[in-house]
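S.K.: Please see the structure below; I have some questions.
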Amino acid sequence: MNLTRREFSKLIACAASTPPSLGSEAISALASANSSARLESFNYSGVRLLDGRLKRQFDACREIFYNIPNDSILFGFRQRAGLPSPGTGLDGWYGKDYFNAFGQYLAGMARMAKATGDTPLRDKAVLLMHEWGRTIEPDGFSFYTRKPNVTHYPYEKTMGGLNDIYEYAGEKEALVYADRITDWAIKNLDRARQNPPDGGGTEWYTLSENLYRGYLNSGDPKYLKFAQVWHYDKYWNDYAAGHPNVIGLHAYSHVNTLSSAAMAYRVSGDPKYLRTIVSAYDYLQQTQCYATGGYGPAENLLPDDGSLGASLEDSFDTFETPCGSWAGFKLSRYLIGFTGEARYGDWVERLTYNCIGAALPVTAAGDTFYYSDYRICGGAKVYYEKTWPCCSGTYPQAVADYHNLIYFKDRDGLYVNLFVPSEVTWHRGDQDVVVRQQTTYPENGLVQLAIAPQKPVEMPLHFRVPGFAANGVSVKINGAPQPVNTQPGTWATINRQWKPGDTMELQIPLELTFAPIDKQHPKRVAVIRGPSVLVRQGQAPLPDFAKWASEKDSPATFEVSSSAMSRFVPFYRVAKNQPYQMYFDLEA
Ligand SMILES: [Zn+2]
């Protein structure tokens, strides 16, 4: 099994240059040495996006959610509670109380507002919470209608929203509501806990994460006890024991449940849970991921037998993009925090550029980008047929999360995980250290960092060497080349006295290459350039990259014939309804 995996990892871009994962002894040692974080995110404080694609996406998302009428969001709750319900409700999944996303809208708004100091958005989220709180019934029943299609799922999403309002909007009463709806849940949620695919659909196995957060926020042991009820023993233990069994399981929620295992580890320190998530990460990268970082065609995890490659022939619904990106972001962030390893940032990067960052925006009418289409016959970006689905809830959460993924820190040093135009202000010791990052990455490999402590400071500055950068990254400090160890998939470290006005310049090589889909289809490939997947528009011939790679007026666009409509472009730049082709069969 191990040998096969190692061979396989050479093939597939998802696992490119992945250093060997921690052995179980190393995990036990790590757990006993320190069950809390090795690295911390900035938790939505002190990180600002500067002008660029991601900031524009974030700003547009903020405008859409800020302008959804409160009466529309609250409509069904008020009707169910017999309160006046002016306005009209949102339609689609939300209005039908089908996997209702109310809690996720609160969560997304609270996180967005915290990240940018956006008081009007913060106030909106808090007002929505209190107005919803008025509709909670005496026994704690709190759903959008009397007849939600499932109860575990919206209860968990609402707990997530309340945790976020408590943590990021600073509104303590969130815990009062959490207490009331949890009393209802403890009495009423079905505890049969059937293992999917039988009895799937309620996603009961995702509850623990937000219950553990409720425990840490409130200190109330009832959350701890209730979190333990929803441990997904079979699935988690199979990973921990090294024999995962994922066939036919719902993709997004079976990545999302790994965040529950992560919180079980954070709270208990039991290394078994760390083994689960490390093993799951590797397994997903090696057997389930496309070159984009997406996974789960038709929302299913697949056997490791060539099904992934075959899926490109028939599934238009290749990747549930906002939900799947959000789950991948969380799992990767927990792993970076617990292990301190850089390699988990590689998935974050691919999800950022090719998945959530390549999604069409949620519109004011609730049109939502749900599935990315990777089919070998070609696809187009289109909106989902129903409005306000699950992915309209995870979209703002994932977009807000950019702020939480670019930089990490430990006691001494700063870690640059993503190369994004941004600025971080880190209160370190007795001063603020500001680091400002300018780049057009991944279109260009040049990343410029300006380091501005208030006074000279001796500290390590680390950056992630992407797994694809087989020949390393070149580094200049104040214009002078530096010998720095830049092994792919690790943090490179520059430890020196930094003075106001110092600069660091990175040159990350962005090579064009093929990423085969799986070991059974070595000739079925996507074209990648650094972290981004390029797709074909028109009938451009396949490379010979040497003849082909001519960048002209548009960065990272490769014209490969005289026709202007025949070219390769980053998937994230493809607009709505524009046809493209992502995967190709090379000739034998
Ligand atoms: Zn979704």
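S.K.: Given the stretch 206-272, what helices (runs of 4 or more DSSP H) lie entirely inside it while holding 2 or more residues that are in contact with a Gly (Cβ under 6 Å, 6 or more places away or on another chain)?
M.R.: Here the list reads 251-268.
S.K.: Is it true that some residue in the stretch 201-213 is assigned by TED's automatic domain parsing to the domain that holds LEU301 and surrounded by fewer than 20 Cβ atoms within 10 Å (Cβ to Cβ)?
M.R.: Checking the stretch 201-213: at least one residue is assigned by TED's automatic domain parsing to the domain that holds LEU301 and surrounded by fewer than 20 Cβ atoms within 10 Å (Cβ to Cβ).
S.K.: I'd like the full set of residues that are away from the ligand (no atom under 16 Å from the Cβ), under 22 Å from the mean Cα position of the chain (by Cα) and of a type outside the set (A, V, I, L, M), limited to the stretch 204-230.
M.R.: TRP204, TYR205, SER208, GLU209, ASN210, TYR212, ARG213, GLY214
S.K.: For GLY296, state whether it is closer than 30 Å to ALA358 by Cα and small (Gly, Ala, Ser).
M.R.: When the stated conditions are applied, GLY296 passes them.
S.K.: Restrict the check to the stretch 145-166 and report whether at least one residue is in contact with an Asp or Glu (Cβ under 6 Å, 6 or more places away or on another chain), modelled with pLDDT of 95 or more, of a type outside the set (A, V, I, L, M, F, W, C) and not in a helix (DSSP H, G or I).
M.R.: yes
S.K.: GLY357 is checked against (1) at pLDDT below 95; (2) away from the ligand (no atom under 16 Å from the Cβ) and fails just one. What number does that condition carry?
M.R.: Exception for GLY357: condition (1).
S.K.: Taking the residues in the stretch 287-307 that are assigned to a helix (DSSP H, G or I) and under 18 Å from the mean Cα position of the chain (by Cα) as candidates, determine which candidate is surrounded by the most Cβ atoms within 10 Å (Cβ to Cβ).
M.R.: Residue satisfying both the conditions and the ranking: PRO297.
S.K.: Looking only at the stretch 243-292, how many residues end up being in contact with a Pro (Cβ under 8 Å, 6 or more places away or on another chain) and on the phi > 0 side of the Ramachandran plot?
M.R.: So the answer is 1.
S.K.: Okay, moving on. Return the residues of the stretch 551-584 that are surrounded by 14 or more Cβ atoms within 10 Å (Cβ to Cβ), at pLDDT 90 or above and not hydrophobic (A, V, I, L, M, F, W, C); say none if nothing qualifies.
M.R.: Hits for the stretch 551-584 are PRO570, TYR572, ARG573, TYR580, GLN581, TYR583.
S.K.: Would you check if there is a residue in the stretch 214-229 being closer than 24 Å to GLN285 by Cα and out of contact with any helix residue (DSSP H, G or I) (no Cβ under 8 Å at 6 or more places or on another chain)?
M.R.: No.
S.K.: Answer yes or no as to whether ASP282 is over 30 Å from CYS61 (Cα atoms) and acidic (Asp, Glu).
M.R.: Judged against the criteria, ASP282 is a match.
S.K.: Something else about it: Any idea how many residues of the stretch 416-442 are crowded, with 18+ Cβ neighbours inside 10 Å, over 20 Å from the mean Cα position of the chain (by Cα), in contact (Cβ under 8 Å) with a residue 40 or more places away in the chain and farther than 16 Å from LYS55 by Cα?
M.R.: Summing the residues that are crowded, with 18+ Cβ neighbours inside 10 Å, over 20 Å from the mean Cα position of the chain (by Cα), in contact (Cβ under 8 Å) with a residue 40 or more places away in the chain and farther than 16 Å from LYS55 by Cα in the stretch 416-442 gives 2.
The values are calculated or read from the model by the stated rules, or taken from the named source; none is laboratory data. These figures come from a predicted structure and were not determined experimentally. Cβ: placed from backbone, ideal geometry, glycine included. Neighbour counts: every protein chain shown.
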